[in-house]
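One structure is given below, encoded as structure tokens.
Each reported figure results from applying straightforward, stated rules to the coordinates on display, with no laboratory input. The structure presented is a predicted model; accordingly, all values stated were derived computationally and were not measured. Note that we place each Cβ from the backbone using ideal geometry, even for glycine, and neighbour counts take in every protein chain shown.
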């Protein structure tokens, strides 16, 4: 990383801004963050956890990535950064760009015009829970509150199996014999992590005030955090600075993808160290019947505020019961931006589910999301005056076309027992109200009496089960933005809509040459409507629909569709496989998944009666790895894996 200083004259003051540039190779590394099971993770420049990005307000960030994953495409989304005027840099594969194929470079370049806590992560399905994620902190020289030092804390869930396997389990129609997977529920994580590790220590000095950036990078459950003996004050959420709100010794609940900024002042006494308790949110993991008996499961993890390294660390603590803080009715944005009104348009989105070919999918307004043949932003840029017609984006992109400058009110109805952290790209929206659990899955049209005149703004809000929520934003950011649940299992199951915002105001926005090159190399069209029709934009007969989608594969944008691309990661030289699946540590279910992918990759040449040889990495002990060749007969696979859901 390097930075180039630039002198800028603005508002009568001389400011020093920088071009901050990173060059990253996205590749595989082996790690063991919970101390129980080494496995491959996706890292950057051979390191994991992935690096934190630190920039200042007014800087220009340039990140060039090289995809060194071998047989997977990738990309990066800059979560919470609204990309005003730079919609092509959002990083959502299938919407704002094509996936970045293996052995390709791709550059993101955009100005930093927001402050606070953000994060970057792959928006290519399944990769960020497997490690491709990191903090992004925007520092503000004019931050209104005093602090001495800054600390970043990330929270996440962890799995011993990799996401392609878990996604296949989740969308399987068969029973799965796996301890961490319950019938009808998403796979259960094996551990929680703080700063991508367990037993994390944070060195502090006495009598200092710390600004702590807390970022939930989890795939599925949220997290509840308690700072023992250290009351704290909230000063920011999701990039919105708020007026100081003293929270004392509250247990703070953070949903997946949310961020909180808090101030903590340390004690003057250094006679002992203190625990930071954190637990995965069991309300999300085990609805609605409480905590089941899963052998070895422990959703708690611990960090410590360390005053004196010579002093002992206090014991860990287990807790699952806690009260929730209602930030909607208690936090006030520091800029006191007034409630947006009058409303020009109300959009009602009802979250539900439906079954397609025996597979249960999530829906918004009875539509399950499927990515189309052309990224939706590229459709908006290439169909001329038809860009304001939702037809051109395809039914299953679930498009909502907005006019420039409209005040939009969004009503989200949740008819599920599931909780959903709903995230909108391109905006922080005003949260007018959020229903409590089981208060009705459809809004009755009556506003709460305590709707704030200056509502808090967030980009991710936790939607309670069987409830509704009401938000507002101004359609002043032309682009194409995803609106989706930030639980990876749910987004891959279709809980997504597409906000096509003022497409007739995209002006001179162009797609960079290396972005087009990624489409060409990936084999994806970059012009035309949802079906890649460039001659008649209203003819979407070739769009992707639930009738022609390939078994709702969770591998879109993930597996490079060519058998000539081979996995060549470190410690995996024997895994030179003509397959679209990752080289991974196999258990019986993963071998089943591999067999299915292998069958797809060589098409008609494959016959179930044949046998195939695959190289497996088997970890014998933590410090000893050996490679073994194992021969699997497809017929034997089919019999052996019946308990694991069968060979599909």
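Which of 515, 490 has the fewest other C-beta atoms within 10 Å, and how do the rest follow up to the most?
Ascending Cβ contact count within 10 Å gives the list 515, 490.
So for each of 20-31, 524-535, 137-148, 444-455 I average, over its residues, the number of other beta carbons within 10 Å; can you give me the resulting order with the highest mean first?
In decreasing order of mean packing, 20-31, 524-535, 137-148, 444-455 become 524-535, 20-31, 137-148, 444-455.
Once you place label points 7 Å from the Cα toward the Cβ at residue 310 and residue 326, how far apart are they in nm?
5.0
Over 10 Å intervals from 0, what percent of Cα-Cα pairs in region 88-167 sits in each interval?
12, 37, 31, 15, 3
If you take all C-alpha pairs in region 302-408, what percent of them are over 16 Å apart?
Roughly 78 percent, once rounded to a whole number.
Region 419-558: percent of C-alpha pairs farther apart than 25 Å?
Of all Cα-Cα pairs in region 419-558, 45 percent lie more than 25 Å apart.
Bins of 10 Å, beginning at zero and ending with the bin holding the largest distance: percent of Cα pairs per bin for region 345-522, please.
Cα pair-distance distribution for region 345-522, in percent: 10, 35, 35, 17, 4, 0.
Highest mean first, what order results for 249-262, 190-203 on Cβ atoms within 10 Å?
Per-residue Cβ counts within 10 Å, averaged per peptide and sorted highest first, yield 249-262, 190-203.
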